[in-house]
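Taking it in order: structure first as structure tokens, then the write-up.
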Amino acid sequence: MPSELLDLFLSSTEDYGIILLDPQGRVERWSRGAERLFGYSADEIVGTPGHVIFVPPDRKAGVPEVELQQAAVGGRAEDERWHVRKDGSRFWASGVMIALKENGDLRGFAKVVRDFTERRRLDEAVRQTQKLESFGVLAAGVAHDFNNVLTAIFGNISLLRRRLDRNGKDEQSDKLLTGAERAANRAADLVRQLLNYAGKGRRELQPVDICQVVHDALAIVQASVSRKITLRSDVPDACPRIPADVGQLQQLVLNLVLNAVQAMPSGGSLKIVTKPESVRESGAVTHVLVEIKDSGPGLSEEQQKNAFRSLLQTTKKQGTGLGLAIVGKIIEAHHGDISIASGPGKGAVFRVLIPIEQG
């Protein structure tokens, strides 16, 4: 290819990074696409070893040298891996290294690189969705089987109570049965959560004042929150009613509050705000906002991104992350929205918006 045509090709191709290297792997030519992709100008990088675009662990492991050797022996080497830009940021790339030979003699290499970060993100989202769907099927099956066991437990407790009533109450036995009922009710609540997560739970929509739901949740939480945590609230006596399942809204608020509490085992502050909110320029009330703010350790960007995706994700040191996974499902079922504002060492703010009218 004439030199002028090659120059035109390298300066015109922007969707791909095209790099020409000498037999030792030093950069000889650097396309405009490579400049856009990696952040280095041609003047900065021509004459330097091509391994500068590999992430440090790969450089340490000798990956660039192995790639050159594979291409030299086999004619080409292909891979998908992380690469690094001049500013230190990383991106997922698909690359092919081609050996350039003339009459059997190695004259150099051509490497073509394309940014596949977005495709990888989409593939990961699809895999995550498939995992959640699989877990949903499993959770529903386990929950239904467990429900059958609980039915037998509740039935036997009821029969024992009747027998005690006939034969005269035994205070100690009555206390033990009350404890068994309490434990069985907690297990039944867990079953309902699993069914909600799996999308198999029954929703009973009715006009609900979420301010009253928050007041009720705070009454429950205040009795168990450590004195090391300062709990404050800004919740009006009443809010615009929204069509919702009151049980699921109670679960949503409790899960968010308890998640914040458990993120602060050494103490801190927790504030709950509930108020009407508008997302329109007209100012007309369209949603009800529930905001949970804590002074805990905060969440990284990765934790925020995955907070509601999987039961294996959690924002606290204790627990499995089931609470937040269910929160996400409940908000989705009510056509709402949730956002997180946080950062390491900055606490976390969870903002839930639920529409007053659901389409």
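The values are calculated or read from the model by the stated rules, or taken from the named source; none is laboratory data. Bear in mind that the values here come from a model prediction, so they are computed numbers and not experimental data. All Cβ positions, even for glycine, are placed from backbone atoms using ideal geometry, and neighbour counts span all protein chains on display.
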Completion exercise
Restricting the range 48-104 to residues that are in contact (Cβ under 8 Å) with a residue 12 or more places away in the chain and part of a loop (DSSP other than H, G, I, E, B), the one nearest to THR117 (Cα to Cα) turns out to be ARG85
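Is it the case that some residue within the range 16-26 is outside any helix (DSSP H, G or I) and basic (Lys, Arg)? Walk me through how you get there before you give the answer.
First pass over the range 16-26, keeping only residues outside any helix (DSSP H, G or I): 16-26.
Those left that are additionally basic (Lys, Arg): 26.
Within the range 16-26, one or more residues are outside any helix (DSSP H, G or I) and basic (Lys, Arg).
Each row is one residue, and each column tells you yes or no for (1) assigned by TED's automatic domain parsing to the domain that holds PRO243; (2) surrounded by fewer than 20 Cβ atoms within 10 Å (Cβ to Cβ); (3) out of contact with any helix residue (DSSP H, G or I) (no Cβ under 7 Å at 6 or more places or on another chain); (4) touching a residue at least 24 places away in the same chain (Cβ under 8 Å).
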residue	(1), (2), (3), (4)
LYS275	yes, yes, yes, yes
VAL288	yes, no, no, yes
LEU299	yes, no, yes, yes
GLN304	yes, yes, yes, yes
Practice task
Report, ordered by the first and then the second residue, all pairs with beta carbons closer than 7 Å, sequence separation of six or more or different chains, a first member in the range 242-253 that is within 18 Å of ALA219 (Cβ to Cβ) and in a helix (DSSP H, G or I), and a second member that is among the charged types (D, E, K, R) and modelled with pLDDT of 80 or more.
Solution key: GLN250/ASP216
Problem - Test for GLY247: is it closer than 15 Å to ASP209 by Cα and of a type outside the set (A, V, I, L, M, F, W, C) - result: yes
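Yes/no per residue for (1) surrounded by fewer than 19 Cβ atoms within 10 Å (Cβ to Cβ); (2) modelled with pLDDT under 85; (3) not assigned by TED's automatic domain parsing to the domain that holds ASP337:
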| site | (1), (2), (3) |
| --- | --- |
| VAL261 | no, no, no |
| PRO265 | yes, no, no |
| SER278 | yes, yes, no |
| GLY283 | yes, yes, no |
| GLY296 | no, no, no |
